[in-house]
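Comments concern the structure below.
The values are calculated or read from the model by the stated rules, or taken from the named source; none is laboratory data. None of these values were measured; they are calculated from a predicted model. Cβ atoms come from the backbone with ideal geometry, glycine included; neighbour counts cover every protein chain shown.
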Amino acid sequence: MRSSASGRIATGLGLALLAACSTPSAPSAVEEAPASAAAPSAYTIWDPYPQYDGSSEWVRLLEACGTQAGVTVERTGYDTSDLTNKVLLAAQQGNAPDVLIVDNPVVSTLAEAGVLTTTAENKLDVSAVSPNLLGAGQSGGETFGVPIGANTLALYYNKDVLDKAGVDPASVTDWAALTAALEKVTKSGGKGITFSAIGTEEGSFQFLPWFWGSGANLTKLDSPEGVAAVTLWTDWLKKGYAPNSVINNTQTTSWQEFATGEYAFAENGTWQLANAEKAGFPYGVIPIPAKAGGPAPAPTGGEFVSIPVQQDTGRYAASQQLVACLTNGENSLKTTTTLSYIAPTDSVQQQQVAADAKLGVWVEAVKVAKGRTGDDLGTKYPKISEPIWGAVQAALSSSKPPQEAMTEAQTAAASATQ
Amino acid sequence: MRVRLGSGQWAAWAFLAPVVVYLVVFYAYPLYRNVELSLRNYTVRSFVRGDAPFAGFDNYLKVFDDPAFGPALWHTVVFTVVSLVFQFTIGLALALFFVRNFPLSATLRALFLVPWLLPLIVSASTWTWLLNSESGVVNAALGVVGLGPVNWLTSPDWSLWSVTIANIWIGVPFNLVVLYSGLQAIPASVYEAAALDGANRRQRFWRITFPLLRPVSAITLLLGLVYTLKVFDIIWIMTRGGPSGSSTTFATWSYRLGFGNLVPSFGPGAAVGNLLIVAALVFGLVYVRTLHRRVP
């Protein structure tokens, strides 16, 4: 008795220490493992949707899927910027969640860390998923999860401002037409376009449609195409077609500028659709044009569902059922509608457009979108992305001309990824 | 058997235990981990597996070699020195003003504490709105008096000054409170004696107030220094250290290295953090030295 009691105290102290040293909210599920063996066992799910509480549609769907798989679900929602480090710490201590829903560019990082199982191990079926969406979760020929849904960027426009300037949004199909439209809008007393060029991943995310739309490649930032994309943005700022505040704009503050009703265009994502309805002016959405015309490939946003490595490999079976439940067929429609995403499969995308014709533009945009970590860049992408947002900021704030900014960015990216 | 501890000593150790455990768990261990983190070559994979190879001072060399090191050091020095000078001067002026106890002085003094009571995210976000290039109140006011708009947060020439101004505003109340209580501790009889000897106001300040306030000033400046060196929230919320690094200090750089990228570089991030700790420690030791010399 004595020894077991002191043992328990020691374990308790150990856990307290771990909790103190890592994070206040580190789960102590390990502790309860023996107790829950008799009852249906508890499976932990971590997601980056802290905005949904226990009574939300999303959490109820998770619980229903748990019941179907014969397990109880313990779900925790984390802030998306916290989640990566939480998962790394949890994996270090051997108590990663059973199911993890995580932002797609993080997947390759976690895969590199050896935290995630491959679809070969966990038997998830990804055959129906569009290859361009799956790309973000693949590296070295392995797939590390299923996209739960996708979103991407497009151009919102304010009909009133465009009408006043005499611009037909349907004519905005290439860079020249867009710049001409911005000029007309500015001359008619309106404001041109707002976007986010902040010095974080968000800035690179918003810049990529123009970078890729110019024909540039992430492995060569200082190509003439890459420089052309930076020059496009820089010229807009110089001519007053875009406000100077874009340098500091997050996607949210950029949206707030558009919501004032003064701006003709805003580059933003699917997630603003609900806010657009509330904006109080007629709006529309067009794909971001490529330099030479047609829609530019925008980066895919949205999360992947994956199954982290467990010591007890027997847990994968139930986890696989949980993930399949969230991503298969009609449940996918429910999940993506709940989270306001575009579905990752063709068939569900068609159902979505049938239900809401406004989603048509977004489905098209998602079809041509590209994963940031795709093209086998994987964990190299973040090291390329940081010089990109740095160069964009340097050019926009006129501390360096576009060519010089991109040449320096290429040097930095090359030395960081070698 | 001969070195048996008496019951008194056991009790002494028992009384000591809580504070020792507290110090070890919350101070010594995290500090040790941070030093260890900075001496190993961590990748995400080795972070999870806990098998990062020992790298000696490689992370420090990498940080020193980084083109961002020079500017970040310069920004940290400018940000800290300018903040301290203005916070202290304004704080002292206000303390001298309020020590004269006029009607409503207590209410006014309470109002001056507002910046200190606000959560940093609130004050920093408010400053961001005020200084916005397009729709900010500051530029609107400048426009009224005929001055062109200034890109406070988006121009590399202004961003560091903007965050410094915000930091001064936040730091003034602290200086005011501490210096005010220091002023009250100076006996009135000294001033009376000086007045009898015919000292004017300037002489009374430089010959009495300033020297007698020196110990309080020293601790105010030291605490201000440590506090300013580690200022992170204001800069991060207002500019993210940008545009293109023009307002990056060691604190924001360390955060960016460790957490601001999808692939964190824990080692260099911890190295920059340790440089900050060392800087604060050096000034702390200087303070202890000077204090030691004065006390006989």
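Just a few scattered comments:
- Looking across A:Thr76, A:Thr143, one residue alone is within 25 Å of A:Arg372 (Cα to Cα) and not basic (Lys, Arg). It is A:Thr143.
- Yes/no for B:Gly241 being closer than 30 Å to B:Leu130 by Cα, assigned to a loop (DSSP other than H, G, I, E, B) and more than 17 Å from the chain's Cα centre (by Cα): no
- Only one entry in B:Ser46, B:Ser38 is away from chain A (no Cβ under 14 Å), closer than 30 Å to A:Thr417 by Cα and either part of a helix (DSSP H, G or I) or without any contact (Cβ under 8 Å) to a residue 40 or more places away in the chain (or both), namely B:Ser38.
- Filter result for B:Leu160 (away from every other protein chain (no Cβ under 14 Å), assigned to a helix (DSSP H, G or I) and either in contact (Cβ under 8 Å) with a residue 60 or more places away in the chain or loosely packed, with under 12 Cβ neighbours inside 10 Å (or both)): no
- Residues of the stretch B:15-35 satisfying the condition of being within 13 Å of chain A (Cβ to nearest Cβ) and of a type outside the set (A, V, I, L, M): B:Tyr22, B:Phe26, B:Tyr27, B:Tyr29, B:Pro30, B:Tyr32, B:Arg33, B:Asn34
- Residue within the stretch A:8-21 that is at pLDDT 90 or above, out of contact with any Cys (no Cβ under 6 Å at 6 or more places or on another chain) and not hydroxyl-bearing (Ser, Thr, Tyr) present: no
- Of everything in the stretch B:49-76 that is under 24 Å from B:Ser247 (Cα atoms) and loosely packed, with under 14 Cβ neighbours inside 10 Å, the residue that is nearest to the other protein chains (Cβ to nearest Cβ) is B:Pro67.
- Filter pass, A:Glu408 being assigned by TED's automatic domain parsing to the domain that holds A:Leu273, farther than 30 Å from A:Ala91 by Cα and surrounded by fewer than 24 Cβ atoms within 10 Å (Cβ to Cβ): yes
- Residue within the stretch B:96-113 that is assigned to a helix (DSSP H, G or I) and either within 14 Å of chain A (Cβ to nearest Cβ) or among the charged types (D, E, K, R) (or both) present: yes
- For A:Asp98, the requirement of being in contact (Cβ under 8 Å) with a residue 12 or more places away in the chain and closer than 30 Å to A:Gln352 by Cα is met.
- Residue list for the stretch A:294-312, filter: under 21 Å from A:Val366 (Cα atoms) and not hydroxyl-bearing (Ser, Thr, Tyr): A:Gly294, A:Pro295, A:Ala296, A:Pro297, A:Ala298, A:Pro299, A:Gly301, A:Gly302, A:Glu303, A:Phe304, A:Val305
For every residue, the table says whether it meets (1) surrounded by fewer than 17 Cβ atoms within 10 Å (Cβ to Cβ); (2) away from every other protein chain (no Cβ under 14 Å); (3) at pLDDT below 90; (4) over 21 Å from B:Gly91 (Cα atoms).
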{"site": "B:Ile219", "(1), (2), (3), (4)": "yes, yes, yes, no"}
{"site": "B:Thr228", "(1), (2), (3), (4)": "no, yes, no, no"}
{"site": "B:Ser244", "(1), (2), (3), (4)": "no, no, yes, yes"}
{"site": "B:Thr252", "(1), (2), (3), (4)": "no, no, no, yes"}
{"site": "B:Asn261", "(1), (2), (3), (4)": "no, no, yes, yes"}
{"site": "B:Ser265", "(1), (2), (3), (4)": "no, no, yes, yes"}
{"site": "B:Pro268", "(1), (2), (3), (4)": "no, no, yes, yes"}
{"site": "B:Asn274", "(1), (2), (3), (4)": "no, yes, no, yes"}
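- So A:Ala229, is it hydrophobic (A, V, I, L, M, F, W, C), in contact with an Asp or Glu (Cβ under 8 Å, 6 or more places away or on another chain) and either under 26 Å from A:Gly378 (Cβ atoms) or within 14 Å of chain B (Cβ to nearest Cβ) (or both): no
- Condition met for A:Phe205 (under 18 Å from A:Thr152 (Cβ atoms), away from every other protein chain (no Cβ under 11 Å) and in contact with a strand residue (DSSP E or B) (Cβ under 6 Å, 6 or more places away or on another chain)): yes
- Hits in the stretch B:23-76 - residues which are basic (Lys, Arg) and in contact with a strand residue (DSSP E or B) (Cβ under 7 Å, 6 or more places away or on another chain): B:Arg40
- A:Ser81 being in contact with a Leu (Cβ under 9 Å, 6 or more places away or on another chain), within 14 Å of chain B (Cβ to nearest Cβ) and surrounded by fewer than 23 Cβ atoms within 10 Å (Cβ to Cβ): no
- Boolean, A:Pro24 is out of contact with any Lys or Arg (no Cβ under 7 Å at 6 or more places or on another chain), at pLDDT below 85 and more than 14 Å from every other protein chain (Cβ to nearest Cβ): no
- Test: B:Asp197 is charged (D, E, K, R), exposed (fewer than 15 other Cβ atoms within 10 Å of the Cβ) and either modelled with pLDDT of 85 or more or closer than 30 Å to B:Gly273 by Cβ (or both): yes
- Among the residues making up the stretch A:390-418, a single one is more than 9 Å from chain B (Cβ to nearest Cβ) and touching a Ser or Thr at 6+ places or on another chain (Cβ under 7 Å): A:Pro402.
- Here is the figure for the stretch A:237-250: residues that are buried (at least 21 other Cβ atoms within 10 Å of the Cβ) and more than 11 Å from chain B (Cβ to nearest Cβ) total 1.
- Here A:Asp163, A:Asp103 are screened, and the one residue that is closer than 21 Å to A:Thr300 by Cα and among the charged types (D, E, K, R) is A:Asp103.
- Long-range neighbours under 6 Å by Cβ, at least six apart or interchain, first residue hydroxyl-bearing (Ser, Thr, Tyr) within the stretch A:217-237, second at pLDDT 95 or above and part of a helix (DSSP H, G or I): none
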